[in-house]
Amino acid sequence: MMMMQNEDNFERRKSATVSSLVMTSGDDDDDKSRAGRVDERVRDFVERVNACENIFTTSSCSGRVSIFAERTEEDCKEKRKGGEWVFVSHELVVKEEEEEERSLMVEKMKESLRKSSSTLTLRFEPFILAVETKDEHTARMFVKCARDAGYRESGVVSTVDESKRASGSGRITASARCSIRMEALVAKDGEMLLSDEGLRILVEECNKKMKANWERADRFYALFTERFCGEKKTDDALIINSKNNNNNNNGGDTSNNSHSGRTEKAKRCWFLVDSLCAKTCKDALKRNGWLDQSRKSASASIEEAQRRHLVVDNPVVHEEIDGDVEGKENTGEDGKKVKKPKALPPKKSFVKLPVIETNAFVTLMDKNATAVEPSSAPIHFAISLNLATFIVEDVDAPGNENGSRSNSGSGSSSSSSSKTLPPAALLASRIATTLRNQKDKGITCTEKFIETVVSADVPKKWEKLGDNLVLLPKSAFAKYREVWDFFPPWEHVAECLKVQRIFRQDTVSKGPKRESRAVSVHGNDSGWVEHKELGVTYGFDCSKVMFSSGNGTEKKRMGFDVRARNEVIVDLYAGIGYYSLQLLKNGNAKKVYACEWNPNSCEYLRWNIKKNNIEANRCDVLEGDNREVAPKNVADRVLLGLLPTSREAWSVAVGCLKAEKGGVCHVHECVDEGDFEKKGDEILAALREVKPNWTARIEKVEKVKKYAPRVWHLVYDIVLRPPMKRNVGETSSSRKKLMESEGTGKTKKSHFAKVLRKHRPTLEEVRAIKRSREPVVFTGIDIGSCAQTWTPQYLLEKSPTLANAKVSAHVSSSANFDFARKNFKYETLVGRDFLQKVVRSASSLSSKAEFLYLRSLGADPRKFEPAMALQQFPELVGDVRLPSDLWDNKENALHSVVLRVSSPSVKIWLHYDAMDNVLIQLNGTKRVVLFPPKHSGDLYLKDSSSMVSDIDDSKTNDAEYPRFRHALENAQEIILQPGDCLFIPALWAHRCESGSAAPSVALNAFFRDLEKNAYPAKDAYANADPIVAKEVLANIEESIEKLKALPNQHGEFYASVASANLARAFGVDPVPTTRFVALSS
């Protein structure tokens, strides 16, 4: 009953207010802003608001230019309140070619000054709309709508006392306001302060603000209509076109058409800028969401720039080369003519960038403004140098089919209201309207529900890649998935963002490769794009690798600003060539060594080199850990572009620099605000530790972008120089000897066919891979945080159980562990001691260093219990997600989970396992060479291990194991990076070698591909042959012994027949003896 009373009070106030409104006509000369009057320009808007439930207008103004006379001393003596409105206009105060209204304003000013010694103020005041609402939810909706349209000062005022809410007392009001205002003193104590020219300039500024005011009101009307009325506004609904400039024309139709007075002019906002600044400013506009991507840039004439008072003349520069003035012949040291610098043309060129008007433009246009965001600083800088300005243009509407403009009042406007909205606001409006318009299907969505869903799930930011693909953030349309399953939003997204393919990012893989997990949600499933920036084409698959278009300023700096011409560059984190390609194509670098350990990125980088017509010999793509593959003593400049930190490669970078002259390191870091200097000192200290006798200084700190709240992506340009040496010849000789000594004593590694990689396979693809019985590397799958964190030090701190457990470690003075010859010993160590020894072995340079290797065992190895590392060390469980799809999530199929930790460079003997397994690399790298089961006869196996000690020692192997060459011809290899998961089918023999840069940490999950009862009960290592196979091998051994009782020729004959029968039965091709004679020779 009490609530009904409150609603009745609201309805009574609404009825009384609406009935008292007076709609002004176009020829009413009185001030329309006073109480009870509605300006013609906002008439439709006010009627639209008052036609909605739960809301009505209490005051409004379409915007006005006015002259106000302040109270005089006489007014004070007579106790008259306030001042006096000398002049008020709700239209443009026209310019000199149409002087009538400005003359009227000037006449009224002069008349006021004649009457009294007034102080006159020229004001521009923007659109304002105040409403009362029935409830707070409607008020919040109104304010959100206003703010989305650009009215940032909008707010809600509630006078409802919660304790007396039931009585119906109090009101809830809201208003739409913005800050496009201007106020200037034009007369003081009866004396004019401005000349006619000064007054003209002020009036022109008022006109500019009035046009911007109308455009913003236009957007507000469109948004309000869609959100409150459930309608998508058509072309004739724009407030800005609601007044016909020719309403005095004879014959004009002024009948019952409520829109008959509309002009056919629309407004478009542009950023007019010097073409040399255009790219930087365009990037800034795009970063801030001000670039109107529904329109194209346009060229601008010198005359137009002059009218806007921009600098149009290029400076005359007299270049000197080697002391000679330009215009004379110049020669270099070799006597050849030196090319003169290209002179700038006398006049600048200008372009117009399409923009969406925003409040921020007012600040940017203020040349003395200090509170300018860094993201928009290039725009303000160009404006402050008179190289750019914002402009608003009238655009004629298309009339009939032949393009003529209609003179009737019912002509259509130039564009629909949807084009006046930023893409994010347009998308939100479209989706909200779709949710509202479901009543015909029997579905009613409340406004509160719509606002909640749209606010939570409709994205405000995205990344557009190439011409027709958009990558949405992970949170887009994710929280209320059941809603979007019923109302798919993808068509709206494609239309509003003007794309054909839509991908949504998933959680980026947590390993150091940071592989993309984006998935297709609309259109073609292919994630391949060709994205162009700064004249360089970047081709990549967005579902496999990451791409950041937010680093545009740093790409530009590498390509155009740093002096890299004829330099040798080492890029330690090259990716698909973000910076390397800029240096090669635009910076004219002599050569780039591009280090990258993501195989997909390496593939795309090679494609990009070819696509951009860069000579192949100018860029060496070095696949692998940069600590292992980066070249030493070659670079003039080193890039370390890894975020949030590149700390692990700081020492590597110093080693890349030329020993005789040093160079520059560009160190990328994420740094908290206030810690910029501290981080710089930290980097310098670390680099000086690597080269104590070198000088190091910070040449520049470059701000790239905000990485997170109060965290900046910075680049520290650090110059490192060696001490000066007098005897250059001795230095060169020493360097040569050093390089020769480094090149000796190394065994050259063989290279084999690459193991297939599969990025984020589906369950069906996993099952198909298992059926194929071929090894495959799975990338991009979610295995938890272990790929990012599991270093030996982390394991020591994370798991007290492991730190205190007794472990059986392999220890050897040789990195090549040989099971057949037992060149290692077993030592029982406490887990803490073992892990600390591994860490020390990674940093030891001693020739007597020992190598360690751990394969975790079960809780009671004497009972042949298999290892279950995640159960034995429970603190680690939360870090890992095992790829259980490989064994169909069947618990009885999983045999064991093994933790493997080793020193760098450790080689584990060639062996096979009798069960399938997945090797998950978590820290460091690992080279794995695999041999197909059908060539196991060439491996010289003894039990499950091979007699071949080193697969890369071809000289020894050809002499002692000649058939092994045939196995090598059919081998496959892969270098595993952290986060890679290698599926090794049962009986595929393999040899593993840890990378040299860091200790190796990995997990093995063994699982049965046969029924459990097909294997021996006692098998702790998953290498016991199936029961049937073991019996067959035993029978063969017995048969061999029996044949030995016969003469030798009988043994040869029946052994050959038996082996041929077995080979034919299982498709194994026996190798002719003569083949190996030829190979060994």
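The values are calculated or read from the model by the stated rules, or taken from the named source; none is laboratory data. The model shown is predicted, which means the values in this text are computed figures rather than measured ones. All Cβ positions, even for glycine, are placed from backbone atoms using ideal geometry, and neighbour counts span all protein chains on display.
Numerical summary
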item	result
Those residues of the stretch 569-588 which are touching a residue at least 40 places away in the same chain (Cβ under 8 Å), part of a loop (DSSP other than H, G, I, E, B) and hydrophobic (A, V, I, L, M, F, W, C), in sequence order	Leu572, Ala574
Any chance Leu922 is outside the structural domain of Asn626 (by TED's automatic domain parsing), modelled with pLDDT of 90 or more and in a strand (DSSP E or B)	yes
Residue check for Ser903: touching a residue at least 12 places away in the same chain (Cβ under 8 Å), surrounded by 20 or more Cβ atoms within 10 Å (Cβ to Cβ), touching a Phe, Trp or Tyr at 6+ places or on another chain (Cβ under 7 Å) and under 29 Å from Ser996 (Cβ atoms)	yes
Residue check for Ile239: modelled with pLDDT of 55 or more, of a type in the set (Val, Ile, Thr) and in contact with a Phe, Trp or Tyr (Cβ under 8 Å, 6 or more places away or on another chain)	no
Considering residues of the stretch 1008-1027 that are assigned to a loop (DSSP other than H, G, I, E, B) and among the charged types (D, E, K, R) only, the residue farthest from Leu870 (Cα to Cα)	Asp1025
Out of Leu1062, Leu982, Leu1033, Leu968, sole residue that is touching a strand residue (DSSP E or B) at 6+ places or on another chain (Cβ under 7 Å), outside any loop (DSSP other than H, G, I, E, B) and either in contact (Cβ under 8 Å) with a residue 60 or more places away in the chain or of a type in the set (A, V, I, L, M) (or both)	Leu982
Selection status of Lys679, within 32 Å of the chain's Cα centre (by Cα) and modelled with pLDDT under 90	no
Matching residues, the stretch 784-816, being more than 44 Å from the chain's Cα centre (by Cα) and in a loop (DSSP other than H, G, I, E, B)	Ser813, Ser814
Answer residue from the stretch 531-568, given it is assigned to a strand (DSSP E or B) and among the aliphatic types (A, V, I, L, M) and is nearest to the chain's Cα centre (by Cα) among those	Val536
Residues that are among the aromatic types (Phe, Trp, Tyr) and in contact (Cβ under 8 Å) with a residue 60 or more places away in the chain, drawn from the stretch 793-824	Phe817, Phe819
Filter result (assigned to a loop (DSSP other than H, G, I, E, B) and either without any contact (Cβ under 8 Å) to a residue 60 or more places away in the chain or under 21 Å from Lys296 (Cβ atoms) (or both)) within the stretch 490-509	Lys498, Val499, Gln500, Gln505, Asp506, Val508
Pick from the stretch 561-587, criterion within 16 Å of Lys610 (Cα to Cα) and among the polar types (S, T, N, Q), ranking: surrounded by the most Cβ atoms within 10 Å (Cβ to Cβ)	Ser580
Residue among Thr791, Thr828, Thr801 that alone is β-branched (Val, Ile, Thr), at pLDDT 90 or above and touching a Ser or Thr at 6+ places or on another chain (Cβ under 6 Å)	Thr828
Pairs, first among the charged types (D, E, K, R) in the stretch 869-895, second in a loop (DSSP other than H, G, I, E, B), C-beta under 6 Å, six or more apart	Glu875/Ser799; Asp879/Gly784; Asp879/Ser785; Arg881/Asp782; Arg881/Ile783; Arg881/Gly784
Top-ranked residue of the stretch 424-446 - restricted to ones that are charged (D, E, K, R) and out of contact with any helix residue (DSSP H, G or I) (no Cβ under 6 Å at 6 or more places or on another chain), ranked as nearest to Arg481 (Cα to Cα)	Arg436
Members of the stretch 48-62 that are assigned to a strand (DSSP E or B) and either buried (at least 19 other Cβ atoms within 10 Å of the Cβ) or not polar (S, T, N, Q) (or both)	Ile55, Phe56, Thr57, Ser60, Cys61
Subset of the stretch 534-549 (residues that are within 21 Å of Asn588 (Cα to Cα), out of contact with any strand residue (DSSP E or B) (no Cβ under 7 Å at 6 or more places or on another chain) and surrounded by fewer than 19 Cβ atoms within 10 Å (Cβ to Cβ))	Leu534, Gly535
Qualifying position, being part of a strand (DSSP E or B), out of contact with any Lys or Arg (no Cβ under 7 Å at 6 or more places or on another chain) and touching a residue at least 12 places away in the same chain (Cβ under 8 Å), among Ala914, Ala1005, Ala959	Ala1005
Qualifying residue in the stretch 995-1007 (condition: in contact with a Phe, Trp or Tyr (Cβ under 7 Å, 6 or more places away or on another chain) and at positive phi)	no
Failed criterion for Pro398 (all others in (1) modelled with pLDDT of 70 or more; (2) over 33 Å from the mean Cα position of the chain (by Cα) hold)	(1)
Any hit, the stretch 1010-1032, residues being surrounded by 13 or more Cβ atoms within 10 Å (Cβ to Cβ), of a type in the set (Ser, Thr, Tyr), more than 30 Å from Thr925 (Cα to Cα) and in contact with a His (Cβ under 9 Å, 6 or more places away or on another chain)	yes
Test: residue in the stretch 1037-1054 that is within 22 Å of His911 (Cα to Cα) and either assigned by TED's automatic domain parsing to the domain that holds Lys863 or assigned to a helix (DSSP H, G or I) (or both)	yes
Top-ranked residue of the stretch 498-517 - restricted to ones that are modelled with pLDDT of 90 or more and of a type in the set (A, V, I, L, M), ranked as nearest to the chain's Cα centre (by Cα)	Ile502
Residue in the stretch 691-710 that is part of a loop (DSSP other than H, G, I, E, B) and either within 27 Å of the chain's Cα centre (by Cα) or in contact (Cβ under 8 Å) with a residue 60 or more places away in the chain (or both) present	yes
Tally of residues being within 35 Å of the chain's Cα centre (by Cα) and not in a loop (DSSP other than H, G, I, E, B) across the stretch 856-886	9
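Okay, residues lined up against (1) touching a Ser or Thr at 6+ places or on another chain (Cβ under 9 Å); (2) modelled with pLDDT under 90; (3) outside the structural domain of Leu829 (by TED's automatic domain parsing):
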residue: Pro861; (1), (2), (3): yes, yes, no
residue: Pro874; (1), (2), (3): yes, no, no
residue: Val877; (1), (2), (3): no, no, no
residue: Leu930; (1), (2), (3): no, no, no
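Every residue, every condition in (1) at pLDDT below 70; (2) among the β-branched types (Val, Ile, Thr); (3) buried (at least 16 other Cβ atoms within 10 Å of the Cβ), yes or no:
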{"residue": "Asp75", "(1), (2), (3)": "yes, no, yes"}
{"residue": "Glu78", "(1), (2), (3)": "yes, no, no"}
{"residue": "Glu97", "(1), (2), (3)": "yes, no, no"}
{"residue": "Arg102", "(1), (2), (3)": "yes, no, yes"}
{"residue": "Lys110", "(1), (2), (3)": "no, no, no"}
{"residue": "Leu113", "(1), (2), (3)": "yes, no, yes"}
{"residue": "Thr133", "(1), (2), (3)": "no, yes, yes"}
{"residue": "Arg147", "(1), (2), (3)": "no, no, yes"}
